[in-house]
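The values are calculated or read from the model by the stated rules, or taken from the named source; none is laboratory data. Only a predicted model underlies this, so the values are computations on that prediction, with no experimental measurement involved. Cβ: placed from backbone, ideal geometry, glycine included. Neighbour counts: every protein chain shown.
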């Protein structure tokens with residue numbers, strides 16, 4: 001083929017591509033200049049993450065506007081620094097529509113409840129599980145709902161009243177998004193979303209089950225007990241002495257795969273004959289808080305009267321006052337009560353004509369329900385725990401407080 005026939009297509013391609021800096025090259029340069037002068041594009045905003053139910057539950061836990069008085073939040077009676085129980089110096093919490101109604105029972109710790117399970121009876125017919133002192137809530141959602149409508153606590157009149165408060169929250173859109181509520185959500189849907197968020201927060205947040213006590217550090221081999229703490233643990237576990245572990249089990253159970261920890265409760269129920277307190281309720285001498293048998297579904301079960309749930313002893317040094325009726329302010333007195341209830345009843349109960357009125361917060365008809373056996377002893381028997389033993393047990397109990405850190409190594 002002649003050479004010119006080969007060159008022509010190549011020349012044509014070069015012209016089309018702007019070879020040699022002709023008009024096509026100039027146009028390309030102008031386009032590049034224009035692109036350089038064009039203002040930079042504004043980047044699209046990053047999508048706002050939808051808050052989780054647990055994150056919204058964290059805010060709801062601190063929210064006083066959910067109460068009729070505008071003064072009470074979940075956190076008011078479940079203070080983190082106190083093991084999520086009553087605030088320092090409290091007796092029985094005050095609530096109600098005007099903030100002056102005294103609660104019937106102390107606020108138990110909201111920690112370490114995930115293994116409680118629903119309320120029921122075991123193969124031997126013994127009550128187990130549930131939340132609150134009488135086990136009436138079967139899960140954290142039911143537990144969260146209770147105080148919101150209790151007339152002596154947050155005192156919402158009904159579901160509509162609480163839903164109105166939820167819709168008025170400055171972060172109500174977060175609750176709506178986290179719970180995937182429809183635009184026309186009903187009052188019940190709003191309330192269900194709120195209690196679910198509160199439950200999810202407590203289940204997910206490590207502060208409600210940290211397992212960071214000295215006891216845990218000892219179990220992990222990171223530190224050791226003092227001699228007194230070890231004596232206290234031995235007494236705690238001894239079935240003939242303290243016998244505490246029969247209800248406050250110190251043996252580890254599986255919390256999750258690879259994590260075994262002691263819960264210091266078996267979620268059982270017992271009538272302990274705790275002395276009567278002085279409160280708004282007990283100003284009426286005919287009033288008695290009967291515990292389990294006061295529940296409508298357990299009415300008529302006289303064998304359950306006076307029984308209350310065994311709380312965890314984790315953080316017990318922080319969670320006073322003690323027992324369901326907050327009768328004892330000091331941990332030492334709570335332990336000493338077990339040791340001397342029946343040996344020195346005048347120490348704990350009022351005396352009339354030289355006679356101690358034992359188990360005075362329980363009608364005589366139900367006194368047979370009161371727990372016997374170690375560490376309780378009958379008159380004339382030696383005490384299961386001496387005064388020194390009580391001090392040693394208390395020293396051990398103080399190792400159950402979360403937040404323990406081992407001392408840094410010397411430099």
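Tabulated data for the structure shown
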quantity: Cβ-Cβ under 8 Å pairs, at least 6 apart or on other chains, the range 237-257 side over 21 Å from residue 208 (Cα atoms) and outside the structural domain of residue 371 (by TED's automatic domain parsing), far side crowded, with 18+ Cβ neighbours inside 10 Å and modelled with pLDDT of 95 or more; calculated: none
quantity: Out of 334, 326, sole residue that is closer than 25 Å to residue 232 by Cα, at pLDDT 95 or above, within 24 Å of the chain's Cα centre (by Cα) and not in a loop (DSSP other than H, G, I, E, B); calculated: 334
quantity: Every residue from the range 60-103 that is part of a helix (DSSP H, G or I) and touching a residue at least 40 places away in the same chain (Cβ under 8 Å); calculated: 60, 61, 65, 66, 74, 77, 80, 81, 82
quantity: Which listed residue is assigned by TED's automatic domain parsing to the domain that holds residue 332, on the phi < 0 side of the Ramachandran plot, in a helix (DSSP H, G or I) and out of contact with any strand residue (DSSP E or B) (no Cβ under 7 Å at 6 or more places or on another chain), from 397, 385; calculated: 397
quantity: Answer residue from the range 155-170, given it is closer than 19 Å to residue 56 by Cα and touching a helix residue (DSSP H, G or I) at 6+ places or on another chain (Cβ under 6 Å) and is surrounded by the most Cβ atoms within 10 Å (Cβ to Cβ) among those; calculated: 162
quantity: Odd one out for residue 373 among (1) over 18 Å from residue 327 (Cα atoms); (2) outside any helix (DSSP H, G or I); (3) touching a residue at least 60 places away in the same chain (Cβ under 8 Å); (4) in contact with a helix residue (DSSP H, G or I) (Cβ under 7 Å, 6 or more places away or on another chain); calculated: (4)
quantity: Options 184, 157, 177: the member that is assigned to a helix (DSSP H, G or I) and either on the phi > 0 side of the Ramachandran plot or outside the structural domain of residue 267 (by TED's automatic domain parsing) (or both); calculated: 177
quantity: Filter result for residue 406 (loosely packed, with under 11 Cβ neighbours inside 10 Å and either touching a helix residue (DSSP H, G or I) at 6+ places or on another chain (Cβ under 7 Å) or closer than 28 Å to residue 290 by Cβ (or both)); calculated: yes
quantity: The range 282-303, residues that are touching a strand residue (DSSP E or B) at 6+ places or on another chain (Cβ under 7 Å) and at negative phi; calculated: 290, 292, 293
quantity: Within the range 298-316, tally of residues that are outside any strand (DSSP E or B) and either in contact with a helix residue (DSSP H, G or I) (Cβ under 9 Å, 6 or more places away or on another chain) or without any contact (Cβ under 8 Å) to a residue 40 or more places away in the chain (or both); calculated: 13
quantity: Residues of the range 226-250 satisfying the condition of being surrounded by fewer than 18 Cβ atoms within 10 Å (Cβ to Cβ) and over 23 Å from residue 377 (Cβ atoms); calculated: 226, 227, 228, 230
quantity: Residues (over 21 Å from residue 234 (Cα atoms) and either loosely packed, with under 10 Cβ neighbours inside 10 Å or at pLDDT 95 or above (or both)) located in the range 373-401; calculated: 378, 379, 380
quantity: From the options 319, 310, 340, 351, residue that is at pLDDT 95 or above, surrounded by 13 or more Cβ atoms within 10 Å (Cβ to Cβ) and out of contact with any strand residue (DSSP E or B) (no Cβ under 6 Å at 6 or more places or on another chain); calculated: 340
